[in-house]
Amino acid sequence: ASSSRLVLSLMLQRHEQVGEETVRLLDDASVAIQYNRDLLQTALDKVEQGLTVFDRSRRLVCWNNNFRQLLDLPAKLGEVGIELSAFYDELYDRGDLVGITFPTFRDHLLKARQPWQLRLRRSGRIFEIVSNAMPDGGIVTTWSDISQSEAAAEELRTAKVELEQRVAQ
């Protein structure tokens, strides 16, 4: 939209009227912008991890479908402008977050320099979350379901303890 306005403004200044050429340029620009947007969304949806982008006001500006699917979030949380707190509220209200306050959750997302883990109580899923700050103050997060690898690690720990007990006998 902003590119279209710029093109229109420049054409109007040059010709002081909107002609067929201007309309064609606007149509071409709109098609190109929509194509690029669709291409980007398709690429994001192919990423296995959940992905979110929040602006500096902590409002959702971009996400992929896997984010909502991994966390089993309702469609209402897949809209531009949803506040970060709405995601916390949804997870907390349904009993997935125990022992973590919103300020702690927010700080982990916004300030964590290292990956951190979040276990959802209801589903038992474990997520590794990586946050990266953007130059404008926004934040990009990736959510990886590490439940299977954590379960395998736990099985290895259990097997090790059992083996050590057998050797000690």
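The values are calculated or read from the model by the stated rules, or taken from the named source; none is laboratory data. Remember, predicted model here, so these are calculated numbers, not experimental data. We place every Cβ from the backbone using ideal geometry, glycine too, and count neighbours over all the protein chains shown. The area values use the complete protein model at the heavy-atom level, side chains included, leaving out ligands, DNA and RNA. Shrake-Rupley method; radii C 1.70, N 1.55, O 1.52, S 1.80 Å.
Computed values, structure above
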{"quantity": "³J(HN,Hα), Karplus 6.51/-1.76/1.60, whole Hz, each residue of the stretch 154-169, x for Gly, Pro", "calculated": "5, 4, 5, 4, 5, 5, 5, 4, 4, 5, 4, 5, 5, 5, 5, 7"}
{"quantity": "Loop-resident sites, the stretch 78-169, for trypsin sites (Lys or Arg not before Pro), counting at most 15 other Cβ within 10 Å (DSSP)", "calculated": "R94, R113, R121, R122"}
{"quantity": "With DNA, RNA and ligands ignored, accessible area of V61 (1.4 Å probe; Å², nearest 10)", "calculated": "70 Å²"}
{"quantity": "Cut-off under 5 Å, modelled amide H: who pairs with I82 long-range", "calculated": "L60"}
{"quantity": "Computed FRET value (nearest 0.05) for L110 with K160, which takes r as the C-beta separation and R₀ as 45 Å", "calculated": "0.75"}
{"quantity": "From phi via Karplus (6.51, -1.76, 1.60), per-residue ³J(HN,Hα) for the stretch 92-106 in Hz, x at Gly/Pro", "calculated": "5, 4, 8, x, 7, 10, 10, x, 10, 7, 4, x, 5, 4, 4"}
{"quantity": "5 angstrom amide H check on I146, placed H, neighbours 5+ away", "calculated": "I126, F127, E128"}
